[in-house]
1. Looking at the chain, which Cys residues are left with no other cysteine's beta carbon under 4.7 Å from theirs?
2. Could you give the dipole magnitude of the stretch 7-254 about its Cα centre, charging the beta-carbon of Lys and Arg +1 and that of Asp and Glu -1, in debye to the nearest 20?
3. Highest mean first, what order results for 206-212, 28-34 on Cβ atoms within 10 Å?
4. Alpha carbon centre of the stretch 145-197 versus the stretch 77-108: separation in Å?
5. Fully extended, how many nm does the chain gain between A251 and A196 (0.36 nm per residue separation, minus their Cα-Cα distance)?
6. May I ask for the net charge around M194, where only other residues with Cβ less than 11 Å from the Cβ of M194 are counted and Lys, Arg are +1 while Asp, Glu are -1?
7. Using only alpha carbon pairs under 8 Å that are at least six residues apart, calculate the relative contact order of the stretch 7-254 and give it in whole percent.
8. Rounded to the nearest 0.05, what FRET efficiency do A142 and A117 give with R0 = 25 Å and r taken as the Cβ-Cβ distance? Could you check?
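Values in this text are rule-based calculations from the coordinates and carry no lab data. Bear in mind that the values here come from a model prediction, so they are computed numbers and not experimental data. Cβ placement follows ideal geometry from the backbone for every residue including glycine, while neighbour counts extend to all protein chains displayed.
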Amino acid sequence: MTAERRKLVAGNWKMNGLREDGLRLAREIAHRAVAAGRDAGESLACDLLICPPATLLSAIGPVLAGSNVMIGGQDCHAAAKGAHTGDISAEMLKDLGCSHVILGHSERRVGHGESDAIVRAKLAAARRAGLTGILCVGESEAERDAGRALAVVEAQLAGSIPDGIGPQEMIVAYEPIWAIGTGRTPTPLDIAAMHAHIRAVLGRRFSGGNGVRILYGGSVKPDNASALMAIADVDGALVGGASLAAGDFWAIARSCG
Ligand code: PGA
């Protein structure tokens, strides 16, 4: 971690959480964050973000107030408003107090057919609305087995980053598809190689590319988080399953140092 790139631990709740459970989880995380803020010995070496389902954003926002825990969306539409039944714009997320939005998650790329061009338009929309987009990239197992992981991710970056965006306006999350929700992770060497590659691609893409945070995501748990967070160029984690238990999420945050 460099001084300019403080680590970020982001919880992606996906489609989980009815009001009662979601509010309880948010309260527990906020409570721990407030306590950590009070006690210097307990203070965290990372920023915290939770991305609950859109249905809970307005209820959870006030729960997090004063805690330093940020809130974000899991997706947005490229347009600011209009005839897009069921969609949510980046401006709407901003209006609810969001600071970030996850974009191009593999569950959207694969499950909803989102191309790099669609993700690029969404990232531009996030920027327009004043949100930091968390751009997800990552290879399938077949692509890794074929030795194509670096090339696949490079192509996703080339296709998904809009012109004009600045390094402080986006975050990259490297999430190998085969590691999501499976309990499997790449080796530390493979993660280091991928993050170094992403860093190099960003450096070629824009000046200040060194300032972009690159998160790792895919089966991050309390028992592997310290090792993952110690890998060069890993600037935090995007956490799915383990973000649904406050104790686990907190343990991962504490592993940042
Ligand atoms: P996981 O999900 O931590 O449950 O593997 C990560 C993600 O999809 O962002």
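1. So far as the 4.7 Å Cβ criterion goes, C51, C76, C98, C136 stand without a partner in the chain.
2. Numbers: 24 positive and 26 negative charges, 76 e Å.
Using Cβ point charges on Lys, Arg, Asp and Glu, the stretch 7-254 gives about 360 debye.
3. On the way: 206-212: 15.1, 28-34: 18.7.
In decreasing order of mean packing, 206-212, 28-34 become 28-34, 206-212.
4. Centre-to-centre (Cα) distance: 22 Å.
5. On the way: separation 55, 0.36 × 55 = 19.80 nm, distance 2.60 nm.
Full extension from A251 to A196 adds 17.2 nm.
6. Details: positive: R144, R199; negative: E139, E154, E175, D190, D233.
Local charge sum for M194: -3.
7. Working: 474 pairs, mean separation 49.4, N = 248.
Relative contact order of the stretch 7-254: 20 percent.
8. On the way: r = 23 Å, r/R0 = 0.91.
It comes out at approximately 0.65.
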